[in-house]
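Undergrad: Could you have a look at this structure, given as structure tokens, before my questions?
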Amino acid sequence: MSDTDRPEDRPAPTPAAAPTPAPAPAPNAVESPDEVTIRRAPKFGVFILGGAVLGFLATLVIVTLTMDIDRGDQQDASFGTLVGYFSLWGVTIGAFAGALVAIVLDRVLARRAARLTAERVAVEPAEETVDGEVEDQGDATGPVERTDR
């Protein structure tokens, strides 16, 4: 058997003497409350592309199932030709259906949006000066020689 303490046997940690105060904002910080809306939004491109892919797959299934139907004298079209032609319709209708689903989902999620107040803090950096630092006084490329005459 091990001699280790179980979590309930360990002594509780002692609280600190005083809680640490929140850091004071910098003297050059500007605070402004803003009202923001937090919500989820669908990615429209994903829904449109997904609808187009589903439209193509539906076209593929429909052409496959109807390929053996007697079409009379029009036996010139091959499977690839039929899929190519009808996929133009299937992809277009699927993309529109995906866009409509995304719009409806966007409206539903907009109702669940939460309006909160956020505090924006803009901190402007203080100008740093170093003792003994000399500012540039011109375009001198080297030391200036002084002549007393």
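The values are calculated or read from the model by the stated rules, or taken from the named source; none is laboratory data. Owing to the predicted nature of the structure, the values given are computational and were not obtained by experimental measurement. As a convention, Cβ positions derive from the backbone with ideal geometry for all residues, glycine included, and neighbour counts pool all protein chains shown.
Undergrad: So, in region 50-61, exactly how many residues are over 33 Å from the mean Cα position of the chain (by Cα) and closer than 17 Å to A95 by Cβ?
TA: Here is the first cut: in region 50-61, the residues over 33 Å from the mean Cα position of the chain (by Cα) are 59-61.
Narrowing further to those that are closer than 17 Å to A95 by Cβ: 59-60.
Qualifying residue count, region 50-61: 2.
Undergrad: Has region 112-126 got at least one residue that is under 16 Å from I48 (Cβ atoms) and touching a residue at least 60 places away in the same chain (Cβ under 8 Å)? Before you say what the answer is, go through the steps one by one.
TA: So in region 112-126, the residues under 16 Å from I48 (Cβ atoms) come out as none.
The answer is no; no qualifying residue exists.
Undergrad: I need the full set of residues from region 79-122 which are among the hydroxyl-bearing types (S, T, Y) and surrounded by 11 or more Cβ atoms within 10 Å (Cβ to Cβ), in order please. Please lay out each step first, then the result.
TA: Start the filter on region 79-122 by keeping residues that are among the hydroxyl-bearing types (S, T, Y), which leaves 81, 85, 87, 92, 117.
The answer is T81, Y85, S87, T92.
Undergrad: OK, next. What are the residue pairs meeting all of these: first residue in region 31-46, first residue within 18 Å of A110 (Cα to Cα), second residue at pLDDT below 90 and assigned to a loop (DSSP other than H, G, I, E, B), Cβ atoms under 8 Å, and 6 or more apart or on different chains?
TA: T37/A113; I38/A113; R39/R112; R39/A113; R40/R112
Undergrad: Do you know which of the residues in region 99-111 that are under 18 Å from the mean Cα position of the chain (by Cα) and not charged (D, E, K, R) is farthest from V53 (Cα to Cα)? Quick ask: steps written out before the conclusion?
TA: Initially, region 99-111 is screened for residues under 18 Å from the mean Cα position of the chain (by Cα), giving 102, 105-106, 109-110.
Restricting the remaining residues to those that are not charged (D, E, K, R) gives 102, 105, 109-110.
Details: A102: 15, L105: 19, L109: 24, A110: 27 Å.
The extreme case among them is A110.
Undergrad: Tell me which residues, restricted to region 84-98, are touching a helix residue (DSSP H, G or I) at 6+ places or on another chain (Cβ under 8 Å) and farther than 15 Å from L49 by Cα.
TA: Our first condition is that a residue be touching a helix residue (DSSP H, G or I) at 6+ places or on another chain (Cβ under 8 Å); within region 84-98, this holds for 86-87, 89-98.
Selection gives F86 alone.
Undergrad: Among the numbered conditions (1) modelled with pLDDT under 90; (2) surrounded by 11 or more Cβ atoms within 10 Å (Cβ to Cβ); (3) under 31 Å from the mean Cα position of the chain (by Cα), tell me where F47 comes up short.
TA: Of everything listed in (1) modelled with pLDDT under 90; (2) surrounded by 11 or more Cβ atoms within 10 Å (Cβ to Cβ); (3) under 31 Å from the mean Cα position of the chain (by Cα), F47 misses just condition (1).
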